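The values are calculated or read from the model by the stated rules, or taken from the named source; none is laboratory data. Just so you know, these numbers come straight off a predicted model, no measurement behind them. Cβ placement follows ideal geometry from the backbone for every residue including glycine, while neighbour counts extend to all protein chains displayed. To get the accessible areas, we keep the full protein, side chains included, count just its heavy atoms, and leave off ligands, DNA and RNA. Shrake-Rupley method; radii C 1.70, N 1.55, O 1.52, S 1.80 Å.
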Amino acid sequence: MLGQKLLPGSRLGEQELAALFGVSRTLVREALMRLAARGMVTVSSRRGWFLVEPSADDIRAAFDARRIIETGLLREVSAERPPSVQAIHALKVHIAREKAALDGDDASVRSFLLGDFHVCLCASLGYGLLTDTLRDLTARTTLVASRNQSAVDAGRSCGQHEDIVNALADGDGALAARLMAEHLGEVHTSLDAVPPIDPLAHLRHALAPVDPQRSTSVLPSGDLSPNPSTPSRS
């Protein structure tokens, strides 16, 4: 999900997944049920399993939860209680991987690393019990946020991540928390500009009426004439 290789609302067929991974449908169903319990997929008795497609309210709630968790744990950092050398090193290594991905052409790797920074931050600061929760929340928001994210937007996010890590390295948890709140707020606001996915887009385009003035056929005489079989716009 973080790698945006599957779009929100994508169907997850049990038979196809079983064939892909060489396992039984029972095992696939158990895995999908676990993902459903974590809010990653939904199921319909008649239509099957689908990757979750968060509503605007779902996304707002997820960002609210992320802001509370992430700014809260950053405020615990201070000059008297600085993060460990190992934690800062791990975060700087992650930033370096983000920068390398920005120089590459694989948007899915870039998207994954930008989202996973927040999980890495939580784990590096020693909040193991919150890591899985934050991973799920990040997956839900990144699933939508990264869909139309440009390389410029990705570079800006990477820069903001680096500013947060630098504040942590200086033992300034208050600044790190403020920078995180601004970063999450900016990402959330950017979602307003992301058009919703149209699951019927391909079918809608294929069946769209064609302007008869632009559609012509070659008659036996070689003359061009409007195609009488072409439907007109209503």
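A few remarks follow.
- Residue among 52, 85, 43, 77 that alone is free of Cβ contacts under 8 Å to residues at least 24 places away in the same chain and either in contact with a strand residue (DSSP E or B) (Cβ under 9 Å, 6 or more places away or on another chain) or open to solvent by less than 60 Å² (accessible area, probe 1.4 Å) (or both): 43
- Filtering 138, 133 for residues that are touching a helix residue (DSSP H, G or I) at 6+ places or on another chain (Cβ under 9 Å) and crowded, with 20+ Cβ neighbours inside 10 Å leaves a single hit, 138.
- Test: residue in the stretch 140-149 that is modelled with pLDDT under 95, part of a helix (DSSP H, G or I), within 22 Å of residue 40 (Cα to Cα) and touching a Lys or Arg at 6+ places or on another chain (Cβ under 9 Å): yes
- Taking the criterion of being open to solvent by 50 Å² or more (accessible area, probe 1.4 Å) and at pLDDT 90 or above, the residues of the stretch 153-168 that qualify are 156, 162, 163, 166.
- Criterion violated by residue 186 - all others in (1) farther than 20 Å from residue 107 by Cβ; (2) open to solvent by 60 Å² or more (accessible area, probe 1.4 Å) satisfied: (1)
- Scanning the stretch 45-88 for residues that are under 13 Å from residue 124 (Cα atoms) and in a helix (DSSP H, G or I) yields a total of 7.
- Taking the stretch 55-74 as the range and being closer than 13 Å to residue 135 by Cα and either at pLDDT below 85 or open to solvent by 20 Å² or more (accessible area, probe 1.4 Å) (or both) as the test, the residues that pass are 65, 69.
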